[in-house]
Amino acid sequence: MAQGLTDLSSALALRLRDIARLLDRLDRLESGTGEWLASQGEGALREAATDMTLRALRAAADPTNFAILAFLSAHTSAPIAELETATGFGRLALTERVNDLVQVGLAGRNIDTDHVQGTAAGAALVGLIHNIGEATAKRLAEVLQPVTR
């Protein structure tokens, strides 16, 4: 598997692990059994992984969200005001987009400092999309070459 795919799948798996641990904790608090996590078979895990992957791709495919991810890939952390300037979005609209990216693990947000951080998943997805775009542009240039006789 290409490094970008490995990085992305690892980061999404860690995000799902955190969610599963939270649900397991809630299950233990509610029922005291902890049976929920133990009952999750390979099919349920594959379904969750596919759903998270599609949600991440859908979030990143939006041009504005992708611009946010690309910006975050080039910066360790950025205040929301700096992202406002970079994207041209107002604070309210930008906050909702950042929240969407945070929810699928492509970005992180520190409410105390009002900073947004890129994640390994976000950086991997940006890199993967750039690589696909470059390969597509290269192939396009090849197929548009004039035919010589």
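The table below lists the values:
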item: Condition broken by Ser73, with the remaining ones in (1) assigned to a helix (DSSP H, G or I); (2) under 22 Å from Ala11 (Cβ atoms); (3) out of contact with any Gly (no Cβ under 6 Å at 6 or more places or on another chain); (4) not hydrophobic (A, V, I, L, M, F, W, C) satisfied; result: (3)
item: Residue check, Ala56 within 19 Å of Thr119 (Cα to Cα) and outside any helix (DSSP H, G or I); result: no
item: Candidate set from the stretch 86-119 (those that are in a strand (DSSP E or B) and among the aliphatic types (A, V, I, L, M)); member that is nearest to Ala70 (Cα to Cα); result: Ala107
item: Candidates Ala20, Ala11, filtered to the one that is at pLDDT below 90 and surrounded by 14 or more Cβ atoms within 10 Å (Cβ to Cβ); result: Ala11
item: From Ala86, Ala67, Ala78, Ala61, residue being in contact (Cβ under 8 Å) with a residue 24 or more places away in the chain and touching a helix residue (DSSP H, G or I) at 6+ places or on another chain (Cβ under 9 Å); result: Ala78
item: Ala67 vs. criteria part of a helix (DSSP H, G or I) and out of contact with any Ser or Thr (no Cβ under 7 Å at 6 or more places or on another chain); result: no
item: In the stretch 19-53, the residues that are outside any helix (DSSP H, G or I) and touching a helix residue (DSSP H, G or I) at 6+ places or on another chain (Cβ under 9 Å); result: Thr33, Gly34, Gln40
item: Asp114, sole failed condition from (1) on the phi > 0 side of the Ramachandran plot; (2) over 20 Å from the mean Cα position of the chain (by Cα); result: (2)
item: Close pairs (8 angstrom Cβ cut-off, 6 or more residues apart or separate chains): over 28 Å from Leu128 (Cβ atoms) and free of Cβ contacts under 8 Å to residues at least 60 places away in the same chain in the stretch 8-35, among the basic types (Lys, Arg) and assigned to a helix (DSSP H, G or I) anywhere; result: Gly34/Arg28
item: Criterion (closer than 18 Å to Leu16 by Cβ and surrounded by fewer than 16 Cβ atoms within 10 Å (Cβ to Cβ)) met by exactly one of Leu101, Leu106, Leu92, Leu54; result: Leu54
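The values are calculated or read from the model by the stated rules, or taken from the named source; none is laboratory data. Since the model is a prediction, treat every value here as computed from it, not as a measurement. In this analysis, Cβ positions are derived from the backbone assuming ideal geometry, glycine residues included, and neighbour counts consider all displayed protein chains.
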